[in-house]
Amino acid sequence: MSIRVFSFGGGVQSTAALVLAAQGRVDFREFVFANVGEDSEYPGTLTYLEEHARPFAAAHGLALTEVRKHTRDGAPDSVLGRLYRTKRSVPIPMRMSNGAPGTRPCTIDFKIKVIAAHLKARGATAAAPAVVGLGISADEYQRVNAHSTQAWTTREFPLIFPHRLTREDCRNLITGAGLPVPPKSSCWFCPFHSPAHWARMRREEPALFAAAAELEAFVNTKRGALGRDQVWLTRFNKPLPMAVPDGGQLGLFDGEETDTCESGYCMT
């Protein structure tokens, strides 16, 4: 029998999948959380994981396994640590002068490859690939990509096939199981955050917003020293505190969305 795991991002969709597994409605008994670093994961996601997801999984006989990337010397690595450590590259999809996101090795290196290595170590092969479930809902069908970059893994999308659940359906499923709805999972400094998300962060989590602005300035100082153009955490081609103004103007961003990471490993 092939190994079957669900990639648990800690957000709405993967928590809904956890509820479905508890109800016997999806064929996954193990959920794998690729931790990108305590300094990088949105703090609310880590709190939800420990206070709600782990106890719920244990109560229903489900395994919730945590894996993570390590540096060459064996120490736990993180996306934020790599950002501050690397001298030339920017390992997150910072937005260029035209507003478009850059390359996104963060998801590949800290999520996809980490889970794939974990499954390969457990015996997954090209002849007997492991199945990885991804938390993409029906209203985000455009994110579906059934092609796996590893020969020893295949992908399934149980929220869509066969359940056809939207994100709102997932929220209702979670509350129906007696759980609070988790925050959207991602790195707290992810350039794929919507303007509304940044506005809420500035209003409700000012210290985290200030840390994101400081990180953006650090990246641009480093790029300036190399003679490179500036990059941003939003599509507005300006520093974060200017792109997301303080005060009453925050409401202007309500309901706005932006691009999302299409991998299915993040923001689920």
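Every number here is computed from the coordinates shown, using simple stated rules; none is lab data. Just so it is clear, the model here is predicted, and its values are computed rather than measured. Note that each Cβ is placed from the backbone with ideal geometry, even for glycine, and that neighbours are counted across all protein chains shown.
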Spin-label point model (7 Å from Cα, Cβ direction): what's the LYS238 to SER148 distance in nm? 4.6 nm
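Over the alpha-carbon set of the range 1-136, divide Rg by the Kirkwood Rh and report the Rg/Rh ratio to two decimals. Don't skip to the answer; put the middle values down first.
Values: Rg = 16.2 Å, Rh = 16.2 Å.
With Rh from the inverse mean 1/r over Cα pairs, Rg/Rh is 1.00.
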Output ³J(HN,Hα) for the range 236-245: one whole-Hz value per residue in order, computed from phi by the Karplus curve 6.51 cos²θ - 1.76 cosθ + 1.60 with θ = phi - 60°, and x for Gly and Pro. 8, 6, 7, x, 3, x, 7, 5, 10, x
Once phi for every residue in the range 151-161 is put through the Karplus expression 6.51 cos²θ - 1.76 cosθ + 1.60 (θ = phi - 60°), the whole-Hz ³J(HN,Hα) values, with Gly and Pro written as x, are 5, 9, 9, 10, 10, 10, 10, x, 5, 8, 10
Of all DSSP beta bridges in the chain, antiparallel share, percent nearest 5: 20 percent
Amide H neighbours of GLY11 at under 5 Å, excluding residues fewer than 5 places away on the same chain, with H built from the backbone geometry, are SER185, THR268
I'd like the distance between the alpha-carbon centres of the range 51-99 and the range 156-190, rounded to an integer number of Å. 20 Å
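Rounding to the nearest 20 debye, state how big the charge dipole of the chain is about its Cα centre with +1 on each Lys and Arg Cβ and -1 on each Asp and Glu Cβ.
On the way: 31 positive and 27 negative charges, 179 e Å.
Taking the Cα centre of the chain as origin, the dipole is about 860 debye.
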Using only the alpha carbons, work out the radius of gyration and Dmax of the chain in angstrom. 18.7, 58
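Counting Lys and Arg as +1 and Asp and Glu as -1, what is the net charge of the other residues whose Cβ lies under 12 Å from the Cβ of LEU240? Walk me through the intermediate numbers first.
Numbers: positive: ARG95, ARG202, ARG235, LYS238; negative: GLU214, GLU216, ASP246.
Cβ neighbours under 12 Å give a net charge of +1.
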Once the dipole of the chain is set up from charges on Cβ (+1 Lys and Arg, -1 Asp and Glu), the residue from the list THR175, SER40, THR149 lying farthest towards its positive end is THR149
With x for Gly and Pro, the residue-by-residue ³J(HN,Hα) of the range 139-146, computed from phi through the Karplus equation 6.51 cos²θ - 1.76 cosθ + 1.60 at θ = phi - 60° and given in whole Hz, is 7, 10, 4, 5, 7, 5, 9, 6
Can you find, among HIS197, ILE112, ALA21, the residue farthest towards the positive end of the dipole of the chain? Put +1 on the C-beta of Lys and Arg, -1 on that of Asp and Glu. ILE112
So which helices of the chain fit the span-like rule, where a helix is a whole DSSP H run, its Cα atoms reach 27 Å or more along the axis, and its mean Kyte-Doolittle is at least 0.0? 206-225
Enumerate the amide H contacts of ALA34 below 5 Å, restricted to partners 5 or more residues apart or on another chain; note that Pro and chain-start residues carry no placed amide H. PHE8, VAL67
For ALA58 and PHE161, what is the calculated FRET efficiency with R₀ set at 25 Å and r taken between the beta-carbons, to the nearest 0.05? 0.35
Could you list which residues have their amide H under 5 Å from that of ASP77, counting only those 5 or more apart in sequence or on another chain, with H placed in the peptide plane? LYS69, HIS70, THR71
